[in-house]
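First comes the structure, then the notes that go with it.
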Amino acid sequence: MDGLQVGSALQPALHLPFLPRHLYRAASSSERRLNFWRSKELCLNYIQDALLQKQWKRAAEFLTSYIEALEKDFSTEYMGPSEIIWRIGTEILCNHSPSNVRDFNSFIEQMKTLGVKRYLKVCLEHAFHLLCNGRIDEAYQNLSLAESWRFGERTVTQDKEMKLIQAYRGLLDYYSWSKKKNILLEYEKDGFEDVSVEQEMHGCFRKAAVNLKEIIKIPGVWDLFVKSYVDLLEFYGDHQEAREVLMDYAYNSKFPANPNAHVYLYQFLKRHGAPKKSLISALKILHDIVPSHELMIDFNTMLQKSKKRKRRRLGLEVIFAVLDYAGWKKNVKAWSCLARQMKQIVISEKHLDWIKQEWNSRKDWWPAFHFSRYLAKSNWQENERLSYEKALVAGVLLGKDCKYFKYVSHHGCKAQVKKFRTLKKFVNKHSSAYLSISGL
């Protein structure tokens, strides 16, 4: 470790005054080894404490002492703690305000020389840091250098890391392609052409497509890479391959369950006018994975419009499930969807059993969760439409004596808002529906 000069990239070299003196005195080989491990562990504890308290300067000083101790005690028998130094040093430099990109680059370059096995991993982290600081060209250059790196026979782990290096370089090629595409589109608006920019754009496309296509073949979560690759394919009119990529990403059992995969597929199918059956199929799986997803409103609307009874039944299940989540408590669209479907069912006097089935599993907790007097007052003050939609649902599920319904209908009628008088009449007229749903 003679060539390691980390102190300049972190803080001026400082000795650790808190370590017991006997850890540094002359000792036998075995005692020396024991003292070293004690001092190392103690120093690491100090560093951990400083990191947890976000005392970056203090952590940097301890790390400098840690490195000095390694150089002193293990000049002939190096124990290879480079992983620790790399991880801690990176964390400090990313958060310590006086440090800059030049310090980070200096530190990282030294870390790359400390261990062949983690060279590619360090290169990736270096690229991420440069990207976070807006140094896209430098990041691209670093990834290109890492891609050309060779040292003996690569391990399986290094093969995976190399694919990541190539994939992120492909992502930056996509970024360049996207910028040049926007330039060309602006030129076209003004009636100009630029052959050189167009050629550069196609060059970026070829490089990006090769690397992006490779990474998404490996089972994993590759959202950003898949979206970028599909965007390239769609722009050049290769809709069939784009669809196959998205279908494989969503349905391939080797890939982990990923709600975004079904979102991307649905959005693609919708853009290209796919039949409703395909759209419903994509959203049904999304509903199973994330029943509170924002696309469930679209799903419910689609199902409600269906002529098939089974789909309309599913629509009611979907919207009830959405409103089980706190994030939807004040969502007017969700309550409007539920109120509309419940109103249709009550008027037709068909399928009240659907509502009853959904309500049975919720009647013990929805009243306090959605229909308390406190919420009635709060909703009325904040959003009249929300309170109206919720009051209709509350009136059907809990009857005209429900606290929420009574508060909202009273204040609505008092404010002489016609729809609230109509609401009150509707609930009173269809009180039998409440009796049927509640099982009374």
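The values are calculated or read from the model by the stated rules, or taken from the named source; none is laboratory data. What you see is a predicted model, and the numbers here were worked out from it, not measured in a lab. Cβ atoms come from the backbone with ideal geometry, glycine included; neighbour counts cover every protein chain shown. For accessibility, only protein heavy atoms count, side chains too; no ligands or nucleic acids. Shrake-Rupley method; radii C 1.70, N 1.55, O 1.52, S 1.80 Å.
Points to keep in mind about this one:
- Label point at residue 305 placed 7 Å out along Cα→Cβ; residues across segment 327-366 whose backbone nitrogen lies under 17 Å: 334, 337-338, 340-341
- Of the DSSP H helices in the chain, those whose Cα atoms cover at least 27 Å axially and whose Kyte score averages -1.0 or more: 29-52, 156-189, 195-215
- Within segment 314-358, GluC sites (Glu not before Pro) in DSSP loop having at most 14 other beta-carbon neighbours inside 10 Å: 349
- Carbon and sulfur %, accessible surface of segment 128-231 computed with the full protein complex present, 1.4 Å: 54
- Flagged links, alpha-carbon separation over 23 Å, of 403/424; 276/307; 121/180; 333/377: 121/180
- Annotation for residue 333 and residue 103: the two label points, set 7 Å from Cα along the Cα-Cβ direction, are 4.6 nm apart.
- Counting only protein heavy atoms and a 1.4 Å probe, the chain has 54 square angstrom of accessible area per residue.
- Cleavage-rule hits (trypsin sites (Lys or Arg not before Pro)) in segment 169-258: DSSP loop, at most 16 neighbouring Cβ within 10 angstrom: 217, 254
- Additional length obtainable on full extension of the chain from residue 238 to residue 428, 0.36 nm per residue less Cα span: 62.6 nm
- With 0.36 nm allotted per residue and the present C-alpha distance subtracted, the residue 149-residue 162 stretch has 3.7 nm of extension available.
- At most 10 other Cβ within 10 Å, DSSP loop - chymotrypsin sites (Phe, Trp or Tyr not before Pro), segment 154-215: 192
- 19 Å reach of a label modelled at residue 210, 7 Å along Cα-to-Cβ, counting backbone N of segment 152-187: 159-178
- Taking 16 Å as the straight-line reach from the Cα of residue 305, the aspartates and glutamates in range (excluding those fewer than 8 positions away in the same chain) are 317.
- Cβ-Cβ distance of residue 57 and residue 37, R₀ of 30 Å, FRET efficiency by 1/(1 + (r/R0)^6): the value works out to about 0.65.
- Under 22 Å from residue 181, Cα to Cα: lysines that are on another chain or at least 8 residues apart: 189, 207, 213, 227
- Answer label for P(r) over Cα pairs in 20 Å bins from 0, in percent (calculated), chosen among [x] 23, 55, 21, 1; [y] 19, 31, 31, 17, 2; [z] 26, 57, 16, 1, 0: [y]
- Over segment 239-334, relative contact order from alpha-carbon pairs under 8 Å, at least 6 apart, %: 18
- Relative contact order for the chain: 7 percent, from Cα pairs under 8 Å spaced at least 6 residues apart, divided by residue count.
- With a Förster radius of 41 Å applied to the C-beta separation of residue 271 and residue 91, the computed FRET efficiency comes to 0.45.
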